[in-house]
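The values are calculated or read from the model by the stated rules, or taken from the named source; none is laboratory data. Because the structure is a prediction, the values reported are computed rather than measured. Because the Cβ atoms are built from the backbone with ideal geometry, glycine has one as well, and the counts that use them run over all protein chains shown. To get the accessible areas, we keep the full protein, side chains included, count just its heavy atoms, and leave off ligands, DNA and RNA. Shrake-Rupley method; radii C 1.70, N 1.55, O 1.52, S 1.80 Å.
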Amino acid sequence: MQLSLNSKVKDVCKHPLGRDIVEKLLLQLGKSSWLVDNPIVGNLSLKTIKVIVGKKVGPGFFDVVLDLLNSELDSPRADIVSPTPAWWKEAVFYQVYPRSFTDQGIPGIIDKLDYLQNLGVDAIWLSPVYDSPNDDNGYDIRDYYSIMREFGTMEDMDALISGLHSRGMKLVMDLVVNHTSDEHQWFKEALDNESSPYRDFYFFRKSHANRNGHDDRAEHDSSISLGDKKSYDGKPPNNWTSFFGGPAWNYYPEQDIWALHLFSKKQMDLNWENPALREEIYKMVRWWLAKGVDGFRLDVINYISKFEGLPDGDDFIGQLMKYTGVERYFYGPRLHEYLKELRQEAFEPFKAFSVGETPGIGLRAGRLLTDEYRKELDLIFSFDHLEAPGKTRFDDYQYDLVHLKDHYVKHLNFDGGHGWHTLFYNNHDNPRMISKIDSSGLYAKPLAKLLAVLQMTLRGTPFIYQGDEIGAKNENFASMDDIHDVESHGIYNDYLAEGLGPEAAFKRILAGTRDHARVMMKWDEVLRQQGVNESDADLSVLRFYQDIIRWRRQTCACVYGTLEFLDAKTKDVFRYKRLHEDGNIFVEANLGINAAKSASQEGFMFVIGNYSDGFGDLRPYEVRVYEH
Ligand code: NOJ
């Protein structure tokens with residue numbers, strides 16, 4: 001159904017994307033979704049809402065949202081099916097960030113394969129190792145067909161693949177195809193030569209006419225010399241901002257042209273509208289799959305389709321989401337088409353696995369990307385559970401695990417068996433979750449184990465990030481000099497430009513910097529945790545991970561069991577069962593630091609927990625797993 005200003009709020013909420021967007025906006029505003037579920041509000045037309053909130057949200061808001069909603073005509077299926085078995089539903093994945101896993105690149109990873117196998121890992125997701133000038137640690141690829149020199153050679157890569165396969169493990173590479181480095185041959189040729197076939201692989205645009213009252217007659221006036229045009233103070237082609245600070249456009253004075261980069265100035269967005277570009281990408285993906293790679297993690301893959309004409313982003317949405325323009329590409333009109341094509345042309349012939357990184361994608365849009373019958377992606381990473389409602393990564397606050405429970409209760413049974421979930425708390429883009437929950441570090445160990453239990457017993461595929469298995473915490477960076485990440489520096493400069501003092505700006509960066517997760521893996525701590533001959537009372541996080549992964553492997557309920565939440569409304573305690581014909585499990589977790597009553601179930605026997613025994617009241621962040 002096409003929506004218009006005459007549609008009612010409840011019609012918007014029935015629309016799969018509409019509901020996601022409304023929930024996201026309310027989440028950002030820290031408001032409950034009760035607001036729109038209440039029948040009085042539900043029956044109001046958008047026209048009326050526009051009159052009520054028009055001043056606050058600005059004139060274009062409703063048109064932008066309607067454009068977006070009307071670009072999606074499908075809804076997820078309502079029938080319920082049993083999930084089909086797949087290796088990647090049963091597997092435990094482990095993300096390796098090659099820059100800091102060891103300091104030996106790919107040979108260093110090969111050295112650690114026995115360690116990973118002992119941990120119980122089935123597959124690794126390897127962050128980019130392709131040739132790159134490293135403006136964004138390899139997420140700016142210069143050549144998809146070669147390996148970054150400091151990480152090794154293609155022979156090392158082949159050895160890694162066979163080292164994994166000989167251990168019965170799989171390799172998932174990072175696939176960064178929303179953008180390339182500005183040092184990629186395609187971009188260099190495209191910039192230098194207007195009639196290069198690569199020109200249309202990217203988004204090159206002239207200055208925007210009259211933006212903010214600016215008169216850009218220089219662009220059209222042939223009487224103005226090239227020299228003058230070079231110094232011409234034009235405005236970017238649209239108002240989109242970069243995730244790494246500043247505008248999303250880089251100006252090239254020599255050519256008097258702008259090019260789009262949603263990330264750093266050296267990460268140039270690729271134009272997926274161009275079939276020749278898409279074919280180059282499919283060819284490259286097939287090349288890697290033919291080498292033996294088992295699948296890909298697709299970097300910001302939901303950004304590959306941009307709205308035609310790259311229209312300005314809405315200012316209100318921009319302020320709310322902190323980035324202007326996102327609604328023009330986070331769920332573009334051709335996204336599904338491209339993903340289906342990529343799957344059919346490249347993944348399907350190799351039965352390759354895919355997990356898409358999809359920031360901003362909500363519950364229903366997520367289903368449209370992953371439901372098996374749609375043949376797009378196998379899994380996605382969405383990030384709503386990593387921050388509390390209304391908070392962003394750069395807010396300094398204490399994360400309450402009750403949000404996590406609410407998130408899971410809402411999400412994990414929503415797919416009707418058509419789709420599957422990812423279970424993760426950390427990656428190379430986020431500060432460490434246990435520090436977000438407890439910055440004092442007092443409860444770091446029980447918390448690390450609690451997260452491990454949730455990850456191994458909820459319905460979905462676990463992705464461990466390097467260091468999770470030793471309970472890695474945030475770092476004590478003292479100043480911006482300790483921070484290396486391009487994102488942190490870009491955002492820090494934005495804060496200063498907005499008028500924040502250096503100290504306050506640094507405090508925000510400290511809360512959210514990706515560098516917390518990018519410091520060298522602490523192998524001395526691994527040794528310590530392996531070596532200590534601990535009693536059960538003080539089992540190291542590492543040995544706990546090994547135990548619980550081993551137990552998960554032999555417990556079908558953890559993977560394919562139906563998931564039943566119990567006492568979903570009881571704050572602070574999270575209880576659920578996984579039911580399977582081969583045996584059931586029951587998990588209860590105290591989500592806070594106050595003692596809580598245990599509700600062990602009839603017939604269930606204690607298997608594992610994060611305290612020495614499984615008796616009495618639940619202690620701070622205590623989790624207990626039982627089976628029957
Ligand atoms: C998401 C990646 O995870 C992140 O590390 C990177 O900076 C951006 N995409 C850009 O590639």
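Within region 330-372, how many residues turn out to be at pLDDT 95 or above and in a loop (DSSP other than H, G, I, E, B)?
11
Suppose we filter 144, 130 for residues that are surrounded by 15 or more Cβ atoms within 10 Å (Cβ to Cβ), within 16 Å of the ligand (Cβ to nearest atom), over 17 Å from residue 97 (Cα atoms) and not assigned by TED's automatic domain parsing to the domain that holds residue 260; which single one remains?
On the way: 130 fails: over 17 Å from residue 97 (Cα atoms).
Of the residues listed, the single one that is surrounded by 15 or more Cβ atoms within 10 Å (Cβ to Cβ), within 16 Å of the ligand (Cβ to nearest atom), over 17 Å from residue 97 (Cα atoms) and not assigned by TED's automatic domain parsing to the domain that holds residue 260 is 144.
Inside region 584-597, can you point out the residues that are open to solvent by 10 Å² or more (accessible area, probe 1.4 Å) and closer than 26 Å to residue 559 by Cβ?
584
Checking the structure you have, find out if any residue of region 500-522 is closer than 28 Å to residue 546 by Cβ, part of a loop (DSSP other than H, G, I, E, B) and open to solvent by 50 Å² or more (accessible area, probe 1.4 Å).
yes
Looking for something open to solvent by 10 Å² or more (accessible area, probe 1.4 Å) and either within 16 Å of the ligand (Cβ to nearest atom) or at pLDDT below 95 (or both) - is there at least one such residue anywhere in region 159-178?
no
Yes/no per residue for (1) open to solvent by 50 Å² or more (accessible area, probe 1.4 Å); (2) free of Cβ contacts under 8 Å to residues at least 12 places away in the same chain:
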| site | (1), (2) |
| --- | --- |
| 548 | no, no |
| 561 | no, no |
| 564 | yes, no |
| 569 | yes, yes |
| 580 | no, no |
| 601 | yes, no |
| 604 | no, no |
| 608 | no, no |
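Quick check on this structure: which one of 428, 421 is surrounded by 17 or more Cβ atoms within 10 Å (Cβ to Cβ), away from the ligand (no atom under 16 Å from the Cβ) and of a type outside the set (Ser, Thr, Tyr)? Explain how you work it out, then say what you get.
On the way: 428 fails: away from the ligand (no atom under 16 Å from the Cβ).
On inspection, the qualifying residue turns out to be 421.
If you take just the helices (runs of 4 or more DSSP H) that sit entirely in region 1-111, which of them hold at least 3 residues that are out of contact with any helix residue (DSSP H, G or I) (no Cβ under 8 Å at 6 or more places or on another chain) and more than 24 Å from residue 356 (Cβ to Cβ)? Even if it seems obvious, please write down each step before you answer.
Details: elements: 9-14, 16-28, 34-37, 39-42, 46-57, 61-69, 87-90, 98-101, 105-111.
Output list reads 46-57.
Considering each of 356, 362 in turn, give the residue that is open to solvent by less than 30 Å² (accessible area, probe 1.4 Å) and in contact (Cβ under 8 Å) with a residue 60 or more places away in the chain. It would help to see each step written out before you state the result.
Working: 356 fails: in contact (Cβ under 8 Å) with a residue 60 or more places away in the chain.
Criteria check complete, one pass: 362.
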